[in-house]
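Data first, discussion second: the structure below is written as structure tokens.
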Amino acid sequence: MQHTAESSTVLVTGGGSERGIGRATARRLAAAGRPVAIFDIDADGAARAARAIADEYQVPALGLGVDVTDAAAIHAAVSKIEAELPPVLALANVAGTSSPTPFAELTLGEWDRVFATNTRSAFLVSQRVLPAMIEHRFGRIVTVSSISAQRGGGTYSTVAYSAAKAALMGFTRALAREVGRSGITVNCVAPGPIDTDIMGGPLTDERKAAMSADTMVGRVGTVADVAGLIWFLLGPDSGFITAATYDINGGLQVS
């Protein structure tokens, strides 16, 4: 059977958190009728998210507890998805972690942790799902970077996070070059300040006001804002867009 964007499974990493971009992305895709698989380090959170999505949107959904820095765990989890759902022909690499530690205090362990969760994970999961995309000659991959990579921090996180998210931009462009002739697109989104817990907890009104002061639209972003963009880039109408980085920051950074 030939699968397309409308019938294939979309895998979302980091989709367990109720207030996260991953969960919002999974819901947005499910609302469009897509089967959804969710990875999260929180196995219970991933399972709850999948059950809620399946109940609300009446689509197949599977939530699995997966350490996205562990190649063996990723291989096993994707094999389970392949056994229970349509082929994974779309991937949203959303899993990430913040790091506000100043550079002078940064340990090697913290540096490696941030790169593993934000960058190594995208490498491992993308590599695992690529064979099916190449076989079907269709695929969509989106990575989630950050305005911090473009501005050198300045929001919440600092050097390790900014460097890891900048690496994702180079990863996206180079992978897009390698797989484009196989019908696969690879794109990146770079959110500005978004009201999620990755910003060190829920944003207070005071923090929102400070973060939105220099934006053109006068507010911080929502997870729904970012999910809508990812949904488009994972869909059938984005086939001539690849190796691109989309700013989604309310005009805080113009590039």
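The values are calculated or read from the model by the stated rules, or taken from the named source; none is laboratory data. Here the structure is a predicted model, which is why all the values come from computation and not from measurement. Heads up, the Cβs are rebuilt from the backbone with ideal geometry, glycines too, and the neighbour counts pull from every protein chain shown.
Some notes on this structure:
- Test: residue in region 136-143 that is part of a helix (DSSP H, G or I), modelled with pLDDT of 95 or more and either hydrophobic (A, V, I, L, M, F, W, C) or over 24 Å from Ala24 (Cα atoms) (or both): yes
- Which numbered condition Val125 fails, given (1) of a type outside the set (Ser, Thr, Tyr); (2) within 19 Å of Val189 (Cβ to Cβ); (3) not in a helix (DSSP H, G or I): (3)
To keep it simple, each residue is scored yes or no on (1) under 17 Å from the mean Cα position of the chain (by Cα); (2) closer than 16 Å to Thr13 by Cα; (3) polar (S, T, N, Q).
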{"residue": "Ala30", "(1), (2), (3)": "yes, yes, no"}
{"residue": "Ile53", "(1), (2), (3)": "no, yes, no"}
{"residue": "Leu91", "(1), (2), (3)": "yes, yes, no"}
{"residue": "Pro100", "(1), (2), (3)": "no, no, no"}
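- Count of region 77-96 residues which are in a loop (DSSP other than H, G, I, E, B), buried (at least 19 other Cβ atoms within 10 Å of the Cβ) and of a type outside the set (A, V, I, L, M, F, W, C): 2
- Where a residue in region 241-255 is closer than 16 Å to Asp195 by Cα and its partner, wherever it lies, is at pLDDT below 95 and in a strand (DSSP E or B), with Cβ under 8 Å and at least six apart: Ile248/Gly221; Asn249/Gly221; Gly250/Gly221
- Number of positions in region 212-231 that are assigned to a helix (DSSP H, G or I), hydrophobic (A, V, I, L, M, F, W, C) and either touching a Leu at 6+ places or on another chain (Cβ under 8 Å) or surrounded by 17 or more Cβ atoms within 10 Å (Cβ to Cβ) (or both): 6
- Residue that is surrounded by the fewest Cβ atoms within 10 Å (Cβ to Cβ), among those in region 21-58 that are in contact (Cβ under 8 Å) with a residue 40 or more places away in the chain, farther than 18 Å from Val129 by Cβ and small (Gly, Ala, Ser): Ala32
- Counted residues, region 151-162 - those being at pLDDT 95 or above and under 18 Å from Tyr246 (Cα atoms): 1
- Scan region 111-127 for residues that are more than 15 Å from Ala166 (Cα to Cα) and of a type in the set (S, T, N, Q) and the total you get is 2.
- The number of residues in region 172-187 being crowded, with 16+ Cβ neighbours inside 10 Å, of a type in the set (A, V, I, L, M, F, W, C) and in a helix (DSSP H, G or I) comes to 3.
- Residue count, region 106-125 (criterion: among the small types (Gly, Ala, Ser), surrounded by fewer than 22 Cβ atoms within 10 Å (Cβ to Cβ) and closer than 12 Å to Ala95 by Cβ): 1
- Subset of region 87-110 [more than 19 Å from Ala24 (Cβ to Cβ) and among the hydrophobic types (A, V, I, L, M, F, W, C)]: Val88, Leu89, Phe103, Ala104, Leu106, Leu108
- Residue under evaluation Asp112, criteria (1) touching a Leu at 6+ places or on another chain (Cβ under 8 Å); (2) of a type outside the set (S, T, N, Q); (3) not in a strand (DSSP E or B), criterion not met: (1)
- The one condition from (1) within 23 Å of Thr215 (Cβ to Cβ); (2) assigned to a helix (DSSP H, G or I); (3) not charged (D, E, K, R) that Met133 does not meet is (1).
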